[in-house]
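Right, one structure below, let's go through it.
Read-outs throughout are calculated quantities, based only on the coordinates presented, and are distinct from any laboratory measurement. Since the model is a prediction, treat every value here as computed from it, not as a measurement. Positions of Cβ are backbone-derived with ideal geometry, glycine not excepted, and every protein chain shown enters the neighbour counts.
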Amino acid sequence: NAGVTQTPKFQVLKTGQSMTLQCAQDMNHEYMSWYRQDPGMGLRLIHYSVGAGITDQGEVPNGYNVSRSTTEDFPLRLLSAAPSQTSVYFCASSYVTSGRHEQYFGPGTRLTVT
Amino acid sequence: QQPVQSPQAVILREGEDAVINCSSSKALYSVHWYRQKHGEAPVFLMILLKGGEQKGHDKISASFNEKKQQSSLYLTASQLSYSGTYFCGTAVQAGTALIFGKGTTLSVSS
């Protein structure tokens, strides 16, 4: 099993550009989520999904879109990048079974917006 | 919404003990603990479900007080490998979003 994979590992964007961060998992997990991590702020939830075709907003959804057309993939789209979106982005996945959904994190994408 | 962790930072020598607390203003279904090393992804440590259970993992254990909506992570006889940032994540229902605290940085020196 590859677990949770994220691409790219590093990305530099100019303000106003758009891009998609990719996330895939091969564990047949129903639940997938995106977090951003900034110094001193912990992990903040952007969007999450409890299954294909179902998504919901987290704590900081503005400026980001998601869709979940398959169980395996959960891409995060930045519509018009802003310097405030400079961050490390983590994708995570888990089962939704009896609440024991320990999350497995991908390696992260380090994004810089200039 | 975000759970509150305390303290923000802990400095220990090898062999010393530490306690990290996590509290929420909401009624919780579960509390999750993760450890993150610098430059790496968070790694799962343990889950505690409502009911006040206590769990252990080597010399790291945790408790969940459902009445207080508070969880504590206990690190005993700390080792250099325990260094990192510890996060608690909380969920109000089974299968719902996991919201993390800001983290507690633990530094263990020899």
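Put simply, the convex hull of the Cα atoms in chain B casts, on average, a shadow of 6.3 nm². By the scheme Lys and Arg +1, Asp and Glu -1, what is the net charge of all other residues having a beta-carbon under 13 Å from that of A:Ser49? Its environment carries a net charge of -3. Cβ crowding within 10 Å ranks A:Tyr89, A:Tyr35, A:Tyr95 as A:Tyr95, A:Tyr89, A:Tyr35, fewest other Cβ atoms first. Listing A:His29, B:His38 from fewest to most neighbouring C-beta atoms within 10 Å gives B:His38, A:His29. When only alpha carbons of the protein assembly as shown are considered, Rg and Dmax amount to 17.4, 51 Å.
Find out how many positive minus negative residues lie around A:Tyr89, taking Lys and Arg as positive, Asp and Glu as negative, among other residues whose Cβ is under 13 Å from that of A:Tyr89. After counting each charged neighbour, the total is +4.
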